[in-house]
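Chemist: Handing you this structure, nothing more for now.
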Amino acid sequence: MRFALDAEQREFGRTLGRMLAAADTPSAVRAWARGDHKPGLAVWEQLAQAGVFGLAVPEAFGGTGPLPVEVAVAFTELGRYAVPGPVVEAVAVTALLARLAAAGRPVLAEAWLPRVGEGAARVTAALPTVPGGSPYALDTDVCDGVFAVPDGADDLFVAAGHGPVQPSLDPARRLALPHCGAEPVEAGRAVREAARHAAEWAAFAAAAQVLGVGLALLERTVAYVGQRRQFGVAVGGFQAVKHRLADTRAGLEFAGPLVHGAAVALAAGAPGAGAEVAAAKAAASDAAYAAARTALQLHGAIGYTAEYDLSLWLGKARALRSAWGSPADCRARTLDIFSE
């Protein structure tokens, strides 16, 4: 099967790319890492106006979705430009609440999803009970709602607060343990199933985002080796460098169709969609991590400096590699699903 974007989807990606290129996202990322969210939130407002947050929200709740293919296009661009904030977690919460609504529990969806879709509410999630989940929530200090399912429970809480903010591999990914209230807002088997559905969508969005990170690392490295000179010639002309870049490109080109294939499976509600998502996350994470290693080695000493913008994508590649399922976890998940 061939997974090709249509003209409208490609133009959507190009439009987002032009918008983000003009938004100076590296400065917004650095400010976000310092705890200054204002520049990053300005980028979020632009994304909301472009309809990005409504892509996963069902039409019944004011969104335009769920549109997995368009989500993949958008999140690839978010990764390409290193957009900060809990964008993947917003998709997870959207999927969680939409599944609860489909199970006959629409109250939370009615209260939250219209605002999430239009960018009026920022949300994040902590789902330690699901594959790839974590007890830590991302960017709790900038969110209006922190949705948490404690480990070993089938109870959903909207956290009232959070613990100290913890650093991560990516300085712009700020983690904290949510403080759950005394009473859950939902409970029972429906919560368990909704959390699994949310984790599936989160892994899918993270796969698209880390793919974009890998593409950005490759693009920046190709540009750099075309300028850096040794022995009077550009190092990009050396055969060993060409081979390394070609291998990196091949890995990313292989991961792209897997991400789009997972989007098609999610859109169709295919029984094997979970396996498609896990395979896409594993391939995209590995490809982006390989792109990070290539970028670091071919940039030389400058690649290690935090002041150089390359570091923003290097940190994100490392963090997203394990977020919502490491490659090893995702491969095991794929095998488990296919063996069921």
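The values are calculated or read from the model by the stated rules, or taken from the named source; none is laboratory data. These figures come from a predicted structure and were not determined experimentally. As a convention, Cβ positions derive from the backbone with ideal geometry for all residues, glycine included, and neighbour counts pool all protein chains shown.
Chemist: Of all residues being among the basic types (Lys, Arg) and within 12 Å of the chain's Cα centre (by Cα) in segment 296-329, which is farthest from PRO128 (Cα to Cα)? Just the residue, please.
Modeler: Here the answer is LYS316.
Chemist: Now, a different point. Do any residues in segment 94-121 that are at positive phi have Cβ atoms under 6 Å from those of residues that are among the small types (Gly, Ala, Ser) and surrounded by fewer than 21 Cβ atoms within 10 Å (Cβ to Cβ), where the two are at least six apart or on different chains, and which pairs are they?
Modeler: Between residues of segment 94-121 that are at positive phi and residues that are among the small types (Gly, Ala, Ser) and surrounded by fewer than 21 Cβ atoms within 10 Å (Cβ to Cβ), the close pairs are GLY119/ALA48.
Chemist: Do we find a residue being closer than 29 Å to ASP336 by Cβ, buried (at least 18 other Cβ atoms within 10 Å of the Cβ), in contact with a helix residue (DSSP H, G or I) (Cβ under 8 Å, 6 or more places away or on another chain) and of a type in the set (A, V, I, L, M) anywhere in segment 211-233?
Modeler: Yes, because at least one residue in segment 211-233 is closer than 29 Å to ASP336 by Cβ, buried (at least 18 other Cβ atoms within 10 Å of the Cβ), in contact with a helix residue (DSSP H, G or I) (Cβ under 8 Å, 6 or more places away or on another chain) and of a type in the set (A, V, I, L, M).
Chemist: Just the residues that are surrounded by fewer than 15 Cβ atoms within 10 Å (Cβ to Cβ) and of a type in the set (D, E, K, R), please, taken from segment 310-340. If you could, list the steps in order and put the result at the bottom.
Modeler: The first filter runs over segment 310-340 and keeps only residues surrounded by fewer than 15 Cβ atoms within 10 Å (Cβ to Cβ), leaving 328, 335-336, 338-340.
If the condition is that a residue be surrounded by fewer than 15 Cβ atoms within 10 Å (Cβ to Cβ) and of a type in the set (D, E, K, R), then ASP336, GLU340 are the ones that fit.
Chemist: State whether the residues of segment 267-287 include one that is of a type in the set (Lys, Arg) and more than 30 Å from ALA56 (Cα to Cα).
Modeler: Looking through segment 267-287, none of the residues is of a type in the set (Lys, Arg) and more than 30 Å from ALA56 (Cα to Cα).
Chemist: Then there is this: Tally time: how many residues in segment 55-89 are closer than 18 Å to GLU200 by Cα and either in a helix (DSSP H, G or I) or at pLDDT 95 or above (or both)? Spell out the reasoning first.
Modeler: Start the filter on segment 55-89 by keeping residues that are closer than 18 Å to GLU200 by Cα, which leaves 55-58, 65-76, 86-89.
In the following step, the residues that additionally are either in a helix (DSSP H, G or I) or at pLDDT 95 or above (or both) were identified as 55-58, 66-76, 86-89.
Residues flagged as closer than 18 Å to GLU200 by Cα and either in a helix (DSSP H, G or I) or at pLDDT 95 or above (or both) within segment 55-89 amount to 19.
Here is a yes/no grid of residues against (1) more than 20 Å from the chain's Cα centre (by Cα); (2) modelled with pLDDT under 95:
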{"residue": "ARG174", "(1), (2)": "no, yes"}
{"residue": "CYS180", "(1), (2)": "yes, yes"}
{"residue": "ALA194", "(1), (2)": "no, no"}
{"residue": "GLU200", "(1), (2)": "no, no"}
{"residue": "ALA206", "(1), (2)": "no, no"}
{"residue": "GLN209", "(1), (2)": "no, no"}
{"residue": "ALA216", "(1), (2)": "no, no"}
{"residue": "VAL225", "(1), (2)": "yes, yes"}
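So that you can scan it fast, the table gives a plain yes or no per residue for (1) farther than 22 Å from GLY325 by Cα; (2) part of a helix (DSSP H, G or I); (3) not aromatic (Phe, Trp, Tyr):
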| site | (1), (2), (3) |
| --- | --- |
| PHE147 | no, no, no |
| ALA153 | no, no, yes |
| PRO164 | yes, no, yes |
| LEU169 | no, no, yes |
| ARG173 | no, no, yes |
| GLY181 | yes, no, yes |
| PRO184 | yes, no, yes |
| ARG196 | no, yes, yes |
| ALA199 | no, yes, yes |
